[in-house]
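A.B. asks: Following this message is one structure expressed as structure tokens.
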Amino acid sequence: QVQLVESGGGLVQPGGSLRLSCAASGFAFSTYYMTWYRQALGKERESVVTISPGGASTNYLDSVKGRFTISRDNAKNTMYLQMNSLKPEDTAVYYCNTRGSSVPWGQGTQVTVSS
């Protein structure tokens, strides 16, 4: 069965760091562009960053450039998001999916940045 499972979120102070993981199964992960998305309370889901199948090409939302780093391990069918220098406006539920959102959504992982 096709499945995406996000993990690694939590409560962190402004300026702190978190590393999110996305475990994929049931589809040809290594052939897909993959995207981290986030959805804040009361707002629409937005694309945070996309990575090419081989990991050589990335495309970041302007507001996270220099702070977030996407990576993937195709041998493990896993994608990561290293988040540094976190800001309160990064607070959201973070999801992973293909660039075309073609896989059923996982449960997401909550990231809360607050003092």
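A.B. asks: At most 14 other C-beta atoms within 10 Å and a DSSP loop state: those are the exposed chymotrypsin sites (Phe, Trp or Tyr not before Pro) I care about. Give me the longest piece of the chain that has none.
C.D. replies: 34-104
A.B. asks: Suppose we keep just the alpha-carbon trace of the stretch 1-43; what are its Rg and Dmax in angstrom?
C.D. replies: Expressed in Å, the Cα Rg and Dmax of the stretch 1-43 come to 13.5, 38.
A.B. asks: Here is a further query. Quick check: net charge around P104, other residues with Cβ under 15 Å of its Cβ, Lys/Arg +1 and Asp/Glu -1?
C.D. replies: Every neighbour counted, the sum reads 0.
A.B. asks: Right, something else. Under the 0.36 nm per residue contour assumption, what length would be gained going from the current alpha-carbon distance of A40 and S101 to full extension?
C.D. replies: 20.2 nm
A.B. asks: Another question, then. Once the other residues with Cβ under 13 Å from the Cβ of S21 are scored (Lys, Arg +1; Asp, Glu -1), what is the net sum?
C.D. replies: +1
A.B. asks: While we're on this one: Mind computing the radius of gyration and Dmax over the alpha-carbon atoms of the chain? Å is fine for both.
C.D. replies: Every Cα atom of the chain included, Rg and Dmax give 13.2, 41 Å.
A.B. asks: Using Cα positions and a limit of under 18 Å, work out the lysines in reach of K76, with same-chain residues fewer than 8 apart set aside.
C.D. replies: Excluding near neighbours in sequence, the set is empty.
A.B. asks: Sticking with this one: If the reach is capped at under 23 angstrom between alpha carbons, list the lysines near K43, excluding any in the same chain fewer than eight residues apart.
C.D. replies: K65, K87
A.B. asks: In addition: With contacts defined as alpha carbon pairs under 8 Å and 6 or more residues apart, what's the relative contact order of the chain in percent?
C.D. replies: Working: 273 pairs, mean separation 43.2, N = 115.
Reported relative contact order: 38 percent.
A.B. asks: Would you mind computing, in nm to one decimal, how far apart the modelled labels at S52 and Q82 are, each placed 7 Å from Cα along Cα→Cβ?
C.D. replies: 2.1
Coordinate-derived values only; no laboratory data. Owing to the predicted nature of the structure, the values given are computational and were not obtained by experimental measurement. Using ideal geometry, Cβ is built from the backbone for each residue, glycine included, and neighbour counts are taken over all protein chains shown.
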